[in-house]
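Trainee: I have a structure I would like to understand better, so I am pasting it below and will then ask my questions one at a time.
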Amino acid sequence: MPSITVIEHLLLHQKESPMATGRFTRLLNELILAAKIISREVNKAGLVDVLGFTGEINVQGEEVFKLDEFANRVLIHRLERAGVLCAMASEENADLIEIPSAFPAGEYILIFDPLDGSSNTESNVSIGTIFSIYRRKSPAGKSVTMDDVLQKGSDQVAAGYFVYGSSTMMVYTTGQGVHGFTLDPSVGEFLLSHPQIKIPERGKIYSINESYWNYWDAPTRQVVSYFKSPDNERGQPYNLRYIGSLVAGFHRNLLAGGIFMYPADNRDPKKPRGKLRLMCKAAPLAMIVEAAGGMATDGKMRILDIEPQELHQRVPLFIGSKKDIQKVMAFYQKGS
């Protein structure tokens, strides 16, 4: 069977995907080029001065890694010139990123986490870029407002991620199926390797940082105890796999089946709603997992139904196989 690139696949499925327009294709092309550049730097990170901290603090109060800063610059530089965006938002930038007047503007809004899991780079662990695409609500020609950006996840027109590991992969959806493409370095193209990804209804892996046990509420402890117990509906304990890289853990569970959990905790009274960012992490991954037959919730509410109130809003996240997520929601409903 001949190899199919991302863009060829998109064009072949134009009838299924109303997003397969020339402008959307250009946006995807620029994202792919940016990911190739980031992948190249990640692969040689140990050889050049791109490891460690920059000395800066991002909007979340976290130290910025050099690779984070590099990936952020690459994405902004490539996409602001594409002529298809009216605004961008990044986990690393406090405010909206406006498109300079020197470049043509379009109707799409791109929200991204430039390099999820970058603290693991020095350990050679898989990391990734997560992206979310919306269409502006206000008429073209006017300034983009925050109302254009603060849309529910269910309003996304596309979402995806690139994972930089033993191979570089792109996984994306426009709402009609989830497809994975692997970068072939010999030709410099992402080729279709995982068509129509479907997550198993029940998994065998649970991913969570159990060191926070003492900071969790009772329903969360009950959830984790359920997955560890031989008396659960699976009939045996789930396997614990946690690496501290959301995109890597999610990608494994998407293919093999399982659940990734980052619940709220009481470590910091100023952040009672969870830690993961809704718009650049939870919402795009939720769109992907639902298109693959899975679910994503904050414990009580579907992630894609959450109305964002601010650009960097945080949420708890439970994401993965359908039956596993339904069990989580049952525990939270019982405990509320």
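The values are calculated or read from the model by the stated rules, or taken from the named source; none is laboratory data. What you see is a predicted model; the values in this text were computed from it and never measured. Using ideal geometry, Cβ is built from the backbone for each residue, glycine included, and neighbour counts are taken over all protein chains shown.
Trainee: Among residues belonging to the range 235-263 that are farther than 22 Å from K323 by Cβ and crowded, with 22+ Cβ neighbours inside 10 Å, point out the one that is nearest to the chain's Cα centre (by Cα).
Mentor: Taking the range 235-263 as the starting set, the residues that turn out to be farther than 22 Å from K323 by Cβ are 243-245, 247-248.
With crowded, with 22+ Cβ neighbours inside 10 Å added as a condition, the list becomes 245, 247-248.
Working: S245: 11, V247: 6, A248: 10 Å.
Once the filter is applied, the top-ranked residue is V247.
Trainee: Can you name the residue in the range 173-210 that is modelled with pLDDT of 95 or more and small (G, A, S) and, of all such residues, is nearest to the chain's Cα centre (by Cα)?
Mentor: Applying the filter and picking the extreme gives G180.
Trainee: Taking the range 78-88 as the search range and keeping residues that are part of a helix (DSSP H, G or I) and touching a residue at least 40 places away in the same chain (Cβ under 8 Å), which one is surrounded by the fewest Cβ atoms within 10 Å (Cβ to Cβ)? Break it down into steps so the answer makes sense when it comes.
Mentor: Within the range 78-88, the subset part of a helix (DSSP H, G or I) is 78-80.
Adding the requirement that they be touching a residue at least 40 places away in the same chain (Cβ under 8 Å) leaves 78-79.
On the way: R78: 17, L79: 24.
If we take residues in the range 78-88 being part of a helix (DSSP H, G or I) and touching a residue at least 40 places away in the same chain (Cβ under 8 Å), then R78 is surrounded by the fewest Cβ atoms within 10 Å (Cβ to Cβ).
Trainee: Continuing with this model, one more query. Scan the range 202-222 and give yes if some residue there is surrounded by 18 or more Cβ atoms within 10 Å (Cβ to Cβ) and in a helix (DSSP H, G or I), otherwise no.
Mentor: Checked the range 202-222: at least one residue is surrounded by 18 or more Cβ atoms within 10 Å (Cβ to Cβ) and in a helix (DSSP H, G or I).
Trainee: Looking at M170, M146, which is the one that is surrounded by fewer than 18 Cβ atoms within 10 Å (Cβ to Cβ), closer than 24 Å to L278 by Cβ and either over 16 Å from the mean Cα position of the chain (by Cα) or not hydroxyl-bearing (S, T, Y) (or both)? Steps first, answer last, please.
Mentor: Values: M170 fails: surrounded by fewer than 18 Cβ atoms within 10 Å (Cβ to Cβ).
None of the others qualify; the one that does is M146.
Trainee: OK, next. When you scan the range 170-187, do you find a residue that is free of Cβ contacts under 8 Å to residues at least 12 places away in the same chain and either under 18 Å from M295 (Cβ atoms) or among the polar types (S, T, N, Q) (or both), even just one?
Mentor: yes
Trainee: Here's something else I'd like to know. Could you grab me the full set of residues in the range 222-272 that are charged (D, E, K, R) and under 30 Å from M170 (Cα atoms)?
Mentor: Of the residues in the range 222-272, the ones charged (D, E, K, R) are 228, 231, 233-234, 241, 252, 265, 267-268, 270-271.
R241, R252, listed by residue number.
Trainee: Sticking with this one: Taking the stated definitions as given, is F65 touching a Ser or Thr at 6+ places or on another chain (Cβ under 6 Å), within 23 Å of V247 (Cα to Cα), modelled with pLDDT under 90 and not polar (S, T, N, Q)?
Mentor: Details: touching a Ser or Thr at 6+ places or on another chain (Cβ under 6 Å): yes; within 23 Å of V247 (Cα to Cα): yes; modelled with pLDDT under 90: yes; not polar (S, T, N, Q): yes.
Answer is yes for this residue.
Trainee: Additional query: Scan the range 130-155 for residues that are without any contact (Cβ under 8 Å) to a residue 12 or more places away in the chain and touching a Lys or Arg at 6+ places or on another chain (Cβ under 8 Å) and report the count.
Mentor: So the first thing to find is which residues in the range 130-155 are without any contact (Cβ under 8 Å) to a residue 12 or more places away in the chain, and the list is 138-139, 141-143, 145, 147.
Next, from what is left, pick out any that are touching a Lys or Arg at 6+ places or on another chain (Cβ under 8 Å): 147.
Looking only at that region, the number is 1.
Trainee: Among (1) under 21 Å from S3 (Cβ atoms); (2) modelled with pLDDT of 95 or more, where does G153 come up short?
Mentor: It is condition (1) that G153 fails.
Trainee: Hey, another quick one. List, please: which pairs have Cβ atoms under 6 Å, are six or more places apart or on different chains, and start with a residue in the range 282-300 that is of a type in the set (G, A, S) and end with one that is assigned to a helix (DSSP H, G or I) and crowded, with 23+ Cβ neighbours inside 10 Å?
Mentor: From residues that are of a type in the set (G, A, S), the pairs are A282/I303; A283/G153; A286/G153; A286/I303; A296/A286; A296/V289; A296/I303.
Trainee: May I pose another question? For the structure I just gave you, tell me whether I259 is farther than 22 Å from D305 by Cβ, assigned by TED's automatic domain parsing to the domain that holds G294 and not basic (K, R). Write out each step before concluding.
Mentor: Values: farther than 22 Å from D305 by Cβ: no; assigned by TED's automatic domain parsing to the domain that holds G294: yes; not basic (K, R): yes.
Judged against the criteria, I259 is not a match.
Trainee: Is it the case, given these coordinates, that G274 is assigned by TED's automatic domain parsing to the domain that holds F227 and under 25 Å from G165 (Cβ atoms)?
Mentor: Details: assigned by TED's automatic domain parsing to the domain that holds F227: yes; under 25 Å from G165 (Cβ atoms): no.
In short, no.
Trainee: Take the range 302-319 and flag every residue that is surrounded by fewer than 19 Cβ atoms within 10 Å (Cβ to Cβ), in contact (Cβ under 8 Å) with a residue 40 or more places away in the chain and basic (K, R).
Mentor: none
Conditions (1) buried (at least 19 other Cβ atoms within 10 Å of the Cβ); (2) among the β-branched types (V, I, T); (3) under 30 Å from I243 (Cα atoms); (4) in the same structural domain as E307 (by TED's automatic domain parsing), marked per residue:
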position: G106; (1), (2), (3), (4): yes, no, no, no
position: I111; (1), (2), (3), (4): yes, yes, yes, no
position: L115; (1), (2), (3), (4): yes, no, yes, no
position: S132; (1), (2), (3), (4): yes, no, yes, no
position: Q156; (1), (2), (3), (4): yes, no, yes, no
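Trainee: Take the residues in the range 35-50 that are exposed (fewer than 12 other Cβ atoms within 10 Å of the Cβ) and closer than 21 Å to M169 by Cα; name whichever of them is modelled with the highest pLDDT. First the steps, then the outcome.
Mentor: Step one: filter the range 35-50 for residues exposed (fewer than 12 other Cβ atoms within 10 Å of the Cβ), giving 44, 46-49.
Remaining after also requiring closer than 21 Å to M169 by Cα: 44, 46.
On the way: K44: 69, G46: 54.
Going through the qualifying residues, I end up with K44.
Trainee: Inspect the range 135-157 for any residue being part of a strand (DSSP E or B), under 18 Å from L28 (Cα atoms) and of a type in the set (A, V, I, L, M) and give the result as yes or no.
Mentor: Kept after step one, since they are part of a strand (DSSP E or B), are these residues of the range 135-157: 135.
From what is left, the residues that are under 18 Å from L28 (Cα atoms) are 135.
Narrowing further to those that are of a type in the set (A, V, I, L, M): none.
Within the range 135-157 (the criterion being part of a strand (DSSP E or B), under 18 Å from L28 (Cα atoms) and of a type in the set (A, V, I, L, M)), the answer is no, since none of the residues qualifies.
Trainee: Six or more apart or on different chains, Cβ atoms under 6 Å: show the pairs whose first residue is in the range 89-102 and not assigned by TED's automatic domain parsing to the domain that holds L278 and whose second is among the polar types (S, T, N, Q).
Mentor: S90/N72; E92/N58; E92/N72
Trainee: Would you pick out the residues in the range 174-201 that are buried (at least 19 other Cβ atoms within 10 Å of the Cβ) and polar (S, T, N, Q)?
Mentor: T174 - this is the single residue of the range 174-201 that is buried (at least 19 other Cβ atoms within 10 Å of the Cβ) and polar (S, T, N, Q).
Trainee: Here are some conditions: (1) at pLDDT 90 or above; (2) outside any helix (DSSP H, G or I); (3) out of contact with any Gly (no Cβ under 9 Å at 6 or more places or on another chain). A102 meets all but one. Which one does it not meet?
Mentor: Evaluating A102 over (1) at pLDDT 90 or above; (2) outside any helix (DSSP H, G or I); (3) out of contact with any Gly (no Cβ under 9 Å at 6 or more places or on another chain) leaves (1) as the failure.
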